[in-house]
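The values are calculated or read from the model by the stated rules, or taken from the named source; none is laboratory data. If you're wondering where the values come from, they're calculated on a predicted model, not measured in any experiment. Cβ sites come from the backbone with ideal geometry, for glycine too, and all protein chains shown count toward neighbours. Protein only, heavy atoms only, side chains kept; ligands, DNA and RNA dropped before computing areas. Shrake-Rupley method; radii C 1.70, N 1.55, O 1.52, S 1.80 Å.
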Amino acid sequence: MLKPQLHQSHLSTKIPFLLPKPFIHGSGHASFPVYSRSLSTKANKKVRAGYKHGSIKSIASVTQQSTDVKAVVTVKQTVVDFWTEIGIERGLDDFTDLFGKTLLLELVSAELDPKTGLEKPSIRGYAHKIDHEGEDIKYEADFVVPPDFGEIGAIFVENEHHKEMYLHDVVLNGFPAGPVHVTCDSWIHPKFDNKKKRIFFTNKKHQMDWQKLRKEELETLQGNDNGERKKGERIYDYDVYNDLGNPDSDPETARPVIGGEEHPYPRRCRTGRPRTESDPLTETRSSSFYVPRDEEFSEIKMGTFSAKTLKSVLHALVPSLSTAIVDSDLGFPFFSSIDALFNEGINLPPLKKQGFWKDLLPNLFRAITDGTKDVLKFETPDTMERDRFFWFRDEEFARQTLSGLNPCTIKMVTEWPLRSKLDPEIYGPQESAITTEMVEQEIKGFMTCGEAVKAQKLFILDYHDLFLPFVSKIRELKGTTLYGSRTLFFLTHEGTLRPLAIELTRPPMDGKPQWKQVFRPAWHSTGVWLWRLAKAHVLAHESGYHQLISHWLRTHCCTEPYIIAAHRQLSEMHPIYRLLHPHFRYTMEINALARQYLINAKGIIETSFFPGKYSMELSSVVYDQEWRFDYEALPKDLINRAMAVEDPSAPHGLKLMVEDYPYANDGLVLWDIIKEWVSDYVNHYYSDSSLIVSDNELQAWWTEVRTVGHADKKDEPWWPVLKTPQDLIETLTTIIWIASGHHAAVNFGQYTYAGYFPNRPTTARMNMPTEDPNDELLKLFWEKPEISN
């Protein structure tokens, strides 16, 4: 739901390459060398070096007195540029180009003046437009570099246009020592909006202490914690989730602050908007949420993930879907009504723009026009295409716990009998209703229950203690209900799981005692439908946990502090920044869109999933009770859930308790690949532990992640401390795994498994008919059991 597949061509997201020498650690402001092809020159003879796509290169002629440098600058044309070829600002910028003053470049020496000990004066030059090929706009600038200037260490850039421009990189070629490469990949603001020049450091190592310039850059990125952030700014700062509702316009959208002692949570990017009048703790909402400029989508990316377009399609689609539902409180009246969405379609509102549906969400919808009306059909998910009744089958229900949309919550049973840890004075008796006798009846004498536990044959989906405290208040919401649930599985001799029992529990409430009941696979028609209804409740629990925890919390929300801290504390030339940056791309923008449309009050999550208005509170509880950074590492996660044990002789050093566990099988292969790459990378730059301990930027980054970004867990003893290369390798591998492999597992299968929503219902609307049976409820169940949920 949150993060589509990323395809991008013009923004650099290459994995950083290994370089031949370690970077300079002394001042904590790291840079690193690149090998370059030397340029042969003769005195008083000009030698030209051409430029390549997407870069700024210099063309130099060398004399005994000085070096003449001709810089060739490439700026990427944007869609906005293409459609704004007329207008006042366009005309002013054309005059600027005509007079040869588009970009002001200043070369900064990597050496201090030996006489004064101060920085040498920079060399200034204006770049003028020379060519326009496709999306590349080229500019040139001339410099005369004195022989005692030394190597180029950085470049200041000032944009003389009235609009921002995207600068890819800078390569200064032609110096006797070889090329000097400056990576930019950043938006350059107009000087009319902000007079502060941008600085970009070279990719070569230097002895100069860049502390002063780096400090100035950090101050720009960190801001001063004052005022509202404006579009185009590059400030990274922290705040709590206090912008989910808008109580000034709708008191029903008032939501508690998520983050802090009462509701622990990771921090988000600060926007600084004014507080609401009705609640001084709540921040006002706006039509667009601030993210730092370089975190925003590229225009290609925005073309495939547009919040405004998504909002328009939802507003257009929802009323049409509503007409397909007879009773909005009951949902679809029959399974055939759901099937009709795929087979017959529904009438569309008049959206005649060519390609609207096809181009917008091609993997979800098919639009058919017969000349009189538009009909929308959902694409049939692959799972349903193969077997229309796949979702009905117990074996598929069990299989998806290991290889479906949420394969990271199942655990092995290590203690018997099952028992709650909640306060019995509040939530009722702690003993589970799943008894030894029930288990042995289901496994039909194959072994005793005790033998099954000892033989590591019993597994569980356990949402009992987590959900039970929410049952009472969620049941007060319209159109949803909730139980605490336990689902027990048995590992057969074929290596597959078979469901044995589902326990649903209601705590004491409304003057009634605790209610709990166990449902098991049955042959009698009544028992069969009760079992199916119980499975539907568990699947709703799975869907809510998957979207709010496995996906949003673990891969998006908890990652944002890593990103913010990296920009605030790590230089862009720092090798760890370069390693992590491709995995962070666009996450902050997607998270901001999630706060606008998905996790906000009355947003998609609240209106579609069972927790409703308590969705973020539930997510906070899981973060508080379950989230640990060290357990985000796949091997430790598997061991923590007793799904694996350490075994040096086994592949990947782990023996899986279920051999056919695709999430673990495939995930461990990817984990080892990531760890091998990270190990080579870290060991290249940090040959011993002292280099890690003395790297001030690295230590500042990780300290800020722990104490600010995850401030509500800053005192936990399980946080790794970066003292050795192995500490750093494990930490970086974990972050990259969560952002890549784990995210892929819980994101890209959403339509395959949840597209046909009886397979992954997001909410249960009615209680089990056996909880508080009455004539009306039982009559509905006997006549139409399929709509009793």
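Between Ile673 and Val645, with labels modelled 7 Å along Cα→Cβ, what's the label distance in nm to one decimal, could you check?
Once both label points are built, they end up 3.0 nm from each other.
At 0.36 nm per residue, and after removing the present C-alpha to C-alpha distance, how many nm does the segment from Ser66 to Glu111 gain when stretched out fully?
The Ser66-Glu111 span can extend by a further 14.5 nm.
Just how far, in whole angstrom, is region 213-290 from region 505-519 if you go by their alpha carbon centroids?
About 41 Å separates the Cα centre of region 505-519 from the one of region 213-290.
Distance between the C-alpha centers of region 569-626 and region 102-124? Whole Å please.
First find each Cα centre; the distance between them is then 42 Å.
Based solely on C-alpha atoms, express the radius of gyration and the Dmax of region 456-521 in angstrom.
My reading of the Cα-based Rg and Dmax gives 14.5, 47 Å.
Given a Förster radius of 41 Å and the C-beta distance between Ala522 and Ile426 as r, what FRET efficiency does 1/(1 + (r/R0)^6) yield to the nearest 0.05?
Approximately 0.80, to the nearest 0.05.
Students often check this: by mean Cβ neighbours within 10 Å, which of 585-592, 122-129 ranks highest, and how do the rest follow?
Numbers: 585-592: 22.1, 122-129: 17.6.
Packing order, densest peptide first, comes out as 585-592, 122-129.
Determine, at each q value in 0.12, 0.13, 0.16 (inverse angstroms), the log₁₀ of I(q)/I(0) that the Debye formula gives when each Cα of region 626-770 is one equal point scatterer.
-0.65, -0.75, -1.01
What's the carbon and sulfur percent of region 377-474's accessible surface, probe 1.4 angstrom, rounded to a whole number?
After summing per-atom areas, the C and S share lands at 49 percent.
Determine the gain in length on full extension of the stretch Leu778-Leu691; use 0.36 nm per residue of separation and subtract their C-alpha separation, reporting nm with one decimal.
Fully extending the segment from Leu778 to Leu691 adds 24.2 nm.
Calculate, in nm to one decimal, what Ser288 and Gln456 gain on full extension: separation in residues at 0.36 nm each, minus their alpha carbon distance.
In short, 55.3 nm is gained.
Net charge near Arg706, counting Lys/Arg +1 and Asp/Glu -1 over other residues with Cβ under 9 Å of its Cβ? Intermediate values should be presented prior to the final figure.
Values: positive: Lys713, Lys714; negative: Glu704, Glu716.
Result for the local shell: 0.
Skip the ligands, DNA and RNA, and give the accessible area per residue of region 533-614 with a 1.4 Å probe, whole Å². Display every interim value, and only then the final one.
On the way: 1260 Å² over 82 residues.
Dividing the accessible area of region 533-614 by its residue count gives 15 Å².
Tell me, what is the per residue accessible area of region 392-467 in Å², probe radius 1.4 Å?
49
Hey, what D do you get for region 684-789 in µm²/s if you plug the Kirkwood alpha-carbon radius into Stokes-Einstein at 20 °C and 1.002 mPa s?
Numbers: Rh = 18.9 Å.
So the translational diffusion coefficient is about 113 µm²/s.
Could you tally the net charge around Ile692, taking each other residue with its Cβ under 12 Å from the Cβ of Ile692, Lys/Arg +1 and Asp/Glu -1?
Taking every Cβ under 12 Å from that of Ile692, the sum is -3.
Just the number, please: carbon plus sulfur as a percent of the accessible area of region 519-569, 1.4 Å probe, no ligands or DNA/RNA counted.
The computed percentage sits at 58.
Could you calculate the FRET efficiency of Glu119 with Ala177 from 1/(1 + (r/R0)^6), where r is the beta carbon distance between them and R0 is 22 Å, rounded to 0.05?
0.65
Within region 609-713, what whole-number % of the accessible surface is contributed by carbon and sulfur, with the 1.4 Å probe and all protein chains included in the calculation?
That share works out to 50 percent.
Can you tell me the order of 570-577, 255-262, 673-680 when each peptide is scored by its average per-residue count of other Cβ atoms within 10 angstrom, highest first?
Averaged packing, sorted descending, gives the order 570-577, 255-262, 673-680.
All other residues with a Cβ under 13 Å from the Cβ of Glu451 taken together, and with Lys, Arg as +1 and Asp, Glu as -1, what is their net charge?
With Lys, Arg at +1 and Asp, Glu at -1, the net is +1.
Beta carbons within 10 angstrom, averaged per residue: use that to sort the peptides 186-193, 769-776, 153-160, highest first.
153-160, 186-193, 769-776
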